[in-house]
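This report concerns only the one structure given below.
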Amino acid sequence: MVEDGGEEEAEGESAEVPASSAAPLQRCNGFLPGKEAAGGEEQPAAPAAPAASAAPAAPEAEAMLPAGSGRVETRLSRRRLAVLAVFSCYSLVNAFQWIQYSILSNVFAGFYGVSFTEIDWLSMVYMVAYVPLILPATWLLDARGLRLTALLGSGLNALGAWLKCGSLAPQRYPLTLAAQAVCAVAQVFILGLPSRIASVWFGPTEVSTACAVAVLGNQLGTAIGFLLPPVLVPNTPNDIDLMAHNIGIMFYGTAIVSTLLFFLTGVVFEEKPKYPPSHSQAVLQTIPPEDYSYKQSITNLFKNTAFVLLLISYGIMTGTFYSVSTLLNQMILTHYEGEEVNAGRIGLTLVVAGMVGSIICGLWLDYTKTYKQTTLIVYILSFIGLLVFTFTLDLGYLIVVFVTGGVLGFFMTGYLPLGFEFAVEITYPESEGTSSGLLNASAQIFGILFTLVQGKLTTDYSPRAGNLFLCAWVFVGIILTALIKSNLRRHSVNSGIMNLDVKAVPVDSPVEPESTTLKIQSTL
């Protein structure tokens, strides 16, 4: 089938739920039950029909039915794959620009004539910019939509890359810092999109995998950022002109690729597919825009105890990853002098292993829906991996560091999409962009603090002291994760409606005043 706009819809991937196949359901058409859409005058609510199924309903399995006609049609658009691919690519370039300075900290410190701390700020500016800008960015995503947010992210990414091309001289550190700040602002419009893209474009059996692939792009950019810069820009302290030439190759190449991806974003990205990909998305599309309050959404999230616990534990884990990535070059060179290239390769190993972990975790979640159990197990294994990495770093065998770094990356980086998807599940129907944006803000705050403290401990004492500091915090994160109550709201909607095991809530059941849809109970 071809859309009016020319977009093809995937054949054999649609689902229709006739009204006659389920129990008769009371409709509210996007208004409070008992109100008519046309005039808004209150009418007596129709009596609830008996349930078609006599099976007892699970107490936690409450969801919302889409208002409208007697059919709910869902389809998967073929465009979703192109949207995911383009987003992953420009997210990759943004992550590459984040780490390209840190992995060459000794080279750029010598080139610009600045301290290692000032080079570290070229990485930490990503974290600093994110915190104050995340709330405006998530508001923009909710108010103006996915397409504009994607264009801003890819466009600012390209602008920052071109500004870096003007900083190819030793006295131009302020310009390269300003250019990196532009890329940092672009990141604000990128990091919150994986769960939004997955939910808006992908079906319930592939949403976690899609989110993992979207996060994968960012991880792959970090991996390439570990691998490529040490190869393109070898340390030539006695030939500054050659060093500037090599840095220029890296900067101009990044600018050209990011510009191409900006134009591709304009061509490929649309606000949403013609048909919703899942019943949970169909529900959200029935809510009138005037009923949505960004301020109320933020308030609801912070009143959700499970989300607050996840917010802190996610920040600890991801902040630890940011700190280890930023200081990896310094940690490796402390024990293995002159091994800049191998430091990059170890970083590559860490991230590539994490990419594999992300995909495996995404597939596992789509198959089992065991969000809390998987998140807790991965958290515990990340803690063990960090301990092993800490106590084997100074043994004098690089091969051991490669192995322990890979194990650490598999679990620690593999955790990232788990946090996004778990948050969407326990906060539905709140905006995916808002919940993931707050998770990333927490990660940036912890990342800044951890990088500063670990960097100080590494410089004044040893890498082991800095890593043990991180281990203590990750252990705290394990405890917080264990306390999270798992209430899979989005999964309840999809399972309840798709199984057609639905019954209307009796009219004397309590109804929240601000609700715009009718609650149902579904047996899982």
| query | Mind checking which residues of the range 405-419 are assigned to a helix (DSSP H, G or I) and either open to solvent by less than 10 Å² (accessible area, probe 1.4 Å) or more than 14 Å from Ala443 (Cα to Cα) (or both)? | reply | Gly405, Gly406, Val407, Leu408, Gly409, Phe410, Phe411, Met412, Tyr415, Pro417, Leu418, Gly419
| message | Could you go through the range 337-351 and let me know if any residue there is within 26 Å of Glu432 (Cα to Cα), in the same structural domain as Thr458 (by the TED database) and of a type outside the set (Gly, Ala, Ser). | response | yes
| Sole residue being touching a strand residue (DSSP E or B) at 6+ places or on another chain (Cβ under 9 Å), farther than 25 Å from Thr349 by Cα and at pLDDT below 75, chosen from Val511, Val507 | Val511
| query | For Phe189, are the conditions met, namely being closer than 19 Å to Ser154 by Cβ and either crowded, with 24+ Cβ neighbours inside 10 Å or modelled with pLDDT under 80 (or both)? | reply | yes
| remark: Considering residues that are open to solvent by 10 Å² or more (accessible area, probe 1.4 Å) and either touching a Lys or Arg at 6+ places or on another chain (Cβ under 7 Å) or of a type in the set (Lys, Arg) (or both), the number found within the range 241-267 is 0
| Pairs under 6 Å by beta carbon, first residue open to solvent by less than 70 Å² (accessible area, probe 1.4 Å) in the range 229-240, partner assigned to a loop (DSSP other than H, G, I, E, B), six or more apart or different chains? | Pro229/Gln100
| request: Mind telling me which of the residues Leu175, Leu146, Leu122 ends up being touching a residue at least 60 places away in the same chain (Cβ under 8 Å) and either open to solvent by less than 10 Å² (accessible area, probe 1.4 Å) or not assigned by the TED database to the domain that holds Asn329 (or both)? | output: Leu146
| Candidates Tyr397, Tyr314, Tyr371, Tyr379 - the one that is over 20 Å from Val476 (Cβ atoms) and open to solvent by less than 10 Å² (accessible area, probe 1.4 Å) | Tyr371
| message | Can you tell me how many residues within the range 317-347 are aromatic (Phe, Trp, Tyr) and buried (at least 20 other Cβ atoms within 10 Å of the Cβ)? | response | 2
| task | Would you check if there is a residue in the range 237-253 being among the hydroxyl-bearing types (Ser, Thr, Tyr) and touching a helix residue (DSSP H, G or I) at 6+ places or on another chain (Cβ under 8 Å)? | result | no
| field | Ile197, sole failed condition from (1) more than 26 Å from Val324 (Cα to Cα); (2) open to solvent by 10 Å² or more (accessible area, probe 1.4 Å) | value | (2)
| task | Taking Ser436 as the residue in question, decide whether it is open to solvent by 10 Å² or more (accessible area, probe 1.4 Å) and within 18 Å of Asn218 (Cβ to Cβ). | result | no
| request: Hand me the list of helices (runs of 4 or more DSSP H) wholly inside the range 115-209 holding 3 or more residues that are among the β-branched types (Val, Ile, Thr). | output: 116-144, 173-188
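Here's the yes/no breakdown for (1) modelled with pLDDT under 50; (2) open to solvent by 20 Å² or more (accessible area, probe 1.4 Å); (3) of a type in the set (Ser, Thr, Tyr); (4) over 30 Å from Leu348 (Cβ atoms):
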position	(1), (2), (3), (4)
Pro33	yes, yes, no, yes
Pro44	yes, yes, no, yes
Ala55	yes, yes, no, yes
Glu60	yes, yes, no, yes
Glu73	no, yes, no, yes
Val86	no, no, no, no
Leu104	no, no, no, no
Val107	no, no, no, no
Phe111	no, no, no, no
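The values are calculated or read from the model by the stated rules, or taken from the named source; none is laboratory data. Being a predicted model, the structure only gives us computed values, none of them experimental. Backbone-built Cβ (ideal geometry, glycine too); neighbour counts: all protein chains shown. SASA here: full protein model, heavy atoms, side chains in, ligands and nucleic acids out. Shrake-Rupley method; radii C 1.70, N 1.55, O 1.52, S 1.80 Å.
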